[in-house]
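Remarks on the structure that follows.
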Amino acid sequence: MHNFSFRTVPHIVFEAGASKRLSKLAAPVLKDAKRLFFVTDKGVRKAGLIDEALAALKADGFDVFVFDEVVADPPEAVVLGAAGKARDFGAQAIIAFGGGSPMDTAKVVSLLAGGDQPLSEMYGVEQVQVTGLPSIMIPTTAGTGSEVTNVAVLTTGATSKRGIAAGPLYADMAILDPELTLGLPRHATAATGIDAMVHAIEAFTNKRSKNPVSDALALAALKKLQGAILTACDEPSNIEARGDMLLGAMLAGQAFSNSPVGAVHAMAYPLGGIFHVPHGLSNSVVLPPVLKFNAVAAENLYAEMAGHLGLEASSSALITEMERIADATGIETRLSQLGISHNDIPRMAEDVAANDRLLPNNPRELTYDDIVRLYEEIV
Ligand SMILES: [Zn+2]
């Protein structure tokens with residue numbers, strides 16, 4: 001018998017156009033809260049994605065403060081600044097509107113603005129002592145799954161990142177509105193979509209925490225994402241494909257929040273931390289060599305995923321399919337295309353080898369030399 005526990009966000013709404021009905025849909029979470037703190041970024045704001053939600057909330061008598069200063073790989077200083085503004089405003093609930101960075105920022109702001117625990121004491125696993133303000137996540141990309149995860153990753157130094165993983169980071173509600181993702185460019189659709197597929201693959205092969213619930217979610221996620229990713233790239237306003245991408249990313253998020261990611265993400269982090277390559281793209285580039293390396297230890301699990309996708313039930317079929325998808329989307333597949341050379345590999349490999357949070361999840365143990373060799377394969 002394999003014991004496990006599984007947690008997720010208690011309330012999920014999937015509805016095209018949902019963000020326009022935000023005040024109605026969010027009522028069970030907002031209750032009497034009238035002062036709402038929006039967390040977003042300038043790109044989302046400029047694209048007009050929050051306009052209708054804002055207008056509707058104001059018409060319904062809500063007082064809204066829009067914080068749009070979130071940047072990719074959110075630095076601590078931005079998060080602390082946002083929390084200070086939320087406190088000054090007297091925020092009663094936090095609403096994230098955006099991709100992974102606004103959502104991660106909002107989750108931490110909810111804790112900081114709703115309690116007295118300093119940020120420095122929250123890093124690590126289950127170190128959070130406060131419950132935080134009510135929070136609602138509204139993703140505008142289909143990839144991170146951050147709307148349903150208990151993790152927030154912040155940039156703490158020049159290039160270093162630290163994660164907070166704790167129950168209180170689960171939002172009170174996730175609202176999935178595929179209309180918000182219609183304008184996502186091809187490249188971002190591909191990269192974030194492949195990242196979501198990686199979440200499913202790594203959750204399904206996690207050596208320590210995989211469980212029947214995360215397994216079911218990972219398989220369902222993979223099927224939705226594989227079925228929709230190329231259509232979403234080729235037909236950006238196909239609402240069915242966009243809906244499937246958003247659902248797939250959310251299902252994968254539920255899976256990996258309970259059965260965390262492994263070596264693909266560990267090897268992707270230095271690309272983001274040192275070279276500012278977007279998270280999804282970093283994962284997509286390092287995926288093939290890690291899958292090939294892991295195949296000897298995870299043959300049955302890879303074969304099971306391939307079979308579930310309607311492919312021949314073998315690890316090589318899964319690997320070929322992931323390479324086919326990346327090629328068809330046209331995104332970068334080599335480190336050299338991202339400005340990274342042979343000379344950078346030792347530094348990146350040292351970072352990876354020191355990642356004792358993610359590497360133990362991987363189905364096969366990686367040494368420093370393995371990591372160097374895997375990077376060398378994709379220069
Ligand atoms: Zn990821």
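Computed from the coordinates by the stated procedures, all read-outs in this text should not be read as laboratory data. Owing to the predicted nature of the structure, the values given are computational and were not obtained by experimental measurement. Note: ideal-geometry Cβ built from the backbone for every residue, glycine included; neighbour counts use all protein chains shown.
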Task: Pairwise FRET efficiency - residue 31 versus residue 208, Cβ, R0 = 35 Å, nearest 0.05 - done: 0.40
- [ ] Please determine, in degrees from 0 to 90 and to the nearest 10, the orientation of helix 279-308 with respect to the longest principal axis defined by the Cα atoms of the chain, where the helix direction is its Cα long axis.
- [x] 60
Task: the chain: antiparallel DSSP beta bridges as a percent of all, rounded to 5 - done: 20
Open item on the list: Largest first and in whole Å, what are the equivalent-ellipsoid semi-axes of the chain based on the Cα gyration tensor, each being the root of 5 times an eigenvalue?
Closed with: 33, 23, 20
Open item on the list: Roughly how far apart, in whole Å, are the Cα centres of segment 306-379 and segment 98-159?
Closed with: 27
- [ ] Give me the distance in nm between label points sitting 7 Å out from Cα along the Cα-to-Cβ direction at residue 216 and residue 332, one decimal.
- [x] 4.0
Open item on the list: At a threshold of 8 angstrom on Cα-Cα distance, excluding pairs fewer than six apart, so keeping six or more, what relative contact order does the chain reach in percent?
Closed with: 15
- [ ] Can you tell me how much longer the chain between residue 6 and residue 373 gets when fully stretched, taken as 0.36 nm per residue apart minus their C-alpha distance, in nm with one decimal?
- [x] 128.5 nm
Task: GluC sites (Glu not before Pro) restricted to segment 329-379 and DSSP loop, no more than 13 other C-beta within 10 Å - done: 365
- [ ] Quick one: of 85/210; 24/107; 46/210; 20/107, which pairs are farther than 32 Å apart, Cα to Cα?
- [x] 85/210; 46/210
Open item on the list: What distance in nm lies between label points placed 7 Å from Cα along the C-beta direction at residue 77 and residue 343?
Closed with: 2.8
Open item on the list: Testing the spin-label approximation: label points 7 Å from Cα along Cα→Cβ at residue 320 and residue 292. State their distance in nm.
Closed with: 1.5
Open item on the list: Counting only helical runs of four or more DSSP H residues, what would the 222 nm mean residue ellipticity of the chain come to if each run contributes -39,500 (n - 2.57) and the total is spread over all its residues?
Closed with: -16000 deg cm²/dmol
TODO: Per residue of segment 47-64, in order, report the coupling 6.51 cos²θ - 1.76 cosθ + 1.60 (Karplus, θ = phi - 60°) as ³J(HN,Hα) in whole Hz, putting x for Gly and Pro.
DONE: 5, x, 5, 9, 4, 5, 4, 4, 4, 5, 5, 5, 4, 8, x, 7, 9, 10
